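Below is one structure, written out as structure tokens; comments come after it.
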Amino acid sequence: MMRLAIRVRLTAWYLAVLCFCLAILGAVIFLAARASIANIIDSDLRARLVATRTFMEQQIPGDPPSDLQDEFQEFSANQPGGALLQIKDESGAWIFQSLSMQKYAIPLAPRGAGEGAQFADALRGDRSLRIVTDKIGVRGKTYAVQIATDTTNFILVLQRLKWLLLISTPLAIGLALAGGYWLSSRALVPVRRVTETARSIGGDELSRRVEVPQTGDELQFLAQTLNAMLARIESSFRRMTQFTADASHELRTPVAIMRTTAELALRQKRDDEMYRRALQEVLEEAERTSSLIDDLLTLARADSATEQLALSPTNVAEVIEMAFAKTKFLAAEKAVAVELQIVHRDIWIEGNQEALVRLFLVLFDNAVKYTPTGGKVAAAFDMVKGRSVFRIQDSGIGIEPEDLPHIFERFYRGDKTRTRKQDGFGLGLAIAKWIADAHAAEIHVESAPGQGSVFTVEFLRKSVMSVEQVEAGV
């Protein structure tokens, strides 16, 4: 099923709402006008009833019937619309009946006591009448009084108003429809511009951005959001490209070394010792390559976000001791003194033991690796304000200030003069940062050239003192 364009849907909704509003408005105008006219007519009839009562109190029974007829004739002629008047006494005899009332033959029935004024509408030929009937007590006698007014002109006015509303409303709707369609088309021009720009951006021009209209509304927010998304895509694409290039470079070097070593070994006959030395070099490069591939796979899993670390209650102190035990052999080879102080041993968090061992091993390994012979590495673990905090300090070469913001980037190596065997691949801290993030932990670094470095890992989740508390979610 084909979807209508947004501007068509916007116009349709606008038209529906406008039709509803105009219909309600037209009905309100017509009904209010009719009610206002009716109220004016009824108020006038009531005023004429009061005037008739006053006149009758002054004239009855002072004059003979003939003179009374003349007085009523004169009175009714002087009233607005007063020619429509008729009066009966209690016996049903006519006190007065104007010629117009006789012409229209409007019956005047006797009325009971306490009924009050009654209003009615009557149609006589092409004339519309509004009639009020009431009883008036004068000097102990009761008279039935009926007064009418011609409402034909008022009805004509209401009919004209009705036709005016019926004709003008569709015209207004048509004009509003055209205007709404035009306005919605103009309002969506920036959206089309943004769409066209976004469609034209390819993988080789991710630095382009959509134009941001300075309107201060949702369109500006949409464009800014798209630009922020493009910036993230560009950054990810750049990292992926750089990662691929660096990985290819790092893999090419050991493969080239293994190939060259093998070719030289096979080029001419050698003794067993030389073959053994060549195979040893190939084995070392194979182990380095295997380690690099493992690191690349780890980072690839981190990037894909499809594989989550399995978390379980983990004793952080035991994990640190496991990493420390593996570090002591490397430290002994370099004659670097290492020490570990664990203040609290029973500190538990929700974590992945294997990943945490790798995190702390990276930090221990870096500290020993960049500390010269005779140096010292000191690590400590404690609970501070309910959080587990690990701190490791070395007396090594330190980190240049311009390198500090980049040390957690992949394949980044600050000291370009160091050899491959000394420096590794530049992936350790990137993996450590990913593991820390997966455990809601932060890694802070303080360093200065020639003064060593201090790495601090702070677990932001609350740490507890027993495995039972971890399992209970305390």
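Side notes on the structure shown:
- Each Cα pair under 8 Å and six or more residues apart adds its separation to the average, and for the chain the resulting relative contact order is 9 percent.
- Helical content alone sets the calculated 222 nm signal of the chain at -19500 deg cm²/dmol, taking -39,500 (n - 2.57) per DSSP H segment of four or more residues and averaging over every residue.
- Built amide H within the under 5 Å cut-off of residue 338, gap 5+: 377
- Cα-projected label distance for residue 411 with residue 185, points at 7 Å along beta-carbon direction, nm: 5.2
- Chain lengthening between residue 30 and residue 91 when straightened (0.36 nm per residue, less Cα-Cα): 17.6 nm
- Take the Cβ atoms of residue 200 and residue 164, set R0 to 56 Å, and the FRET efficiency comes out at 0.60.
- Computed about its Cα centre, the charge dipole of region 177-322 is approximately 840 debye, with only Lys, Arg, Asp and Glu carrying charge at their Cβ.
- Of the peptides 227-236, 143-152, the order by per-residue mean of other Cβ atoms within 10 Å, starting with the highest, comes out as 143-152, 227-236.
- Taking the accessible area of the chain, probe 1.4 Å, and keeping the other protein chains in place, the carbon and sulfur fraction comes to 58%.
- Taking region 188-264 and dividing mean pair separation by its residue count, relative contact order in percent (alpha carbons under 8 Å, at least six apart): 22
- At an R0 of 56 angstrom, the distance between the Cβ atoms of residue 117 and residue 9 translates into a FRET efficiency of 0.50.
- Remark: the residue 380-residue 446 segment gains 22.2 nm on full extension, using 0.36 nm per residue and subtracting the alpha carbon distance.
- Amide H contacts for residue 352 (H built 1.01 Å from N in the peptide plane; partners 5 or more residues away or on another chain; cut-off under 5 Å): 312.
- When each of 103/162; 326/376; 328/376; 326/385; 328/385 is checked by Cα-Cα distance, pairs over 24 Å: 103/162; 326/385; 328/385
- Label-point separation in nm, residue 310 to residue 220, each point 7 Å along Cα→Cβ: 5.2
- Gap separating the Cα centres of region 5-33 and region 327-405, nearest whole Å: 72
- In region 176-269, taking the dipole from charged Cβ atoms about the Cα centre, the farthest positive-side position among 254, 240, 212 is held by 254.
- Read-out P(r) over Cα pairs in 20 Å bins from 0, in percent, derived from the coordinates shown; its label in (1) 16, 24, 16, 12, 12, 14, 6, 1, 0; (2) 24, 45, 25, 6, 0; (3) 24, 59, 17, 0: (1)
The values are calculated or read from the model by the stated rules, or taken from the named source; none is laboratory data. All figures in this text were calculated on a predicted structure; none of them were measured in a lab. Don't worry about glycine lacking a Cβ; one is built from the backbone with ideal geometry, like all the others, and counts go over all protein chains shown. Please note that ligands, DNA and RNA were not included when accessible areas were found on the heavy atoms of the full protein model with its side chains. Shrake-Rupley method; radii C 1.70, N 1.55, O 1.52, S 1.80 Å.
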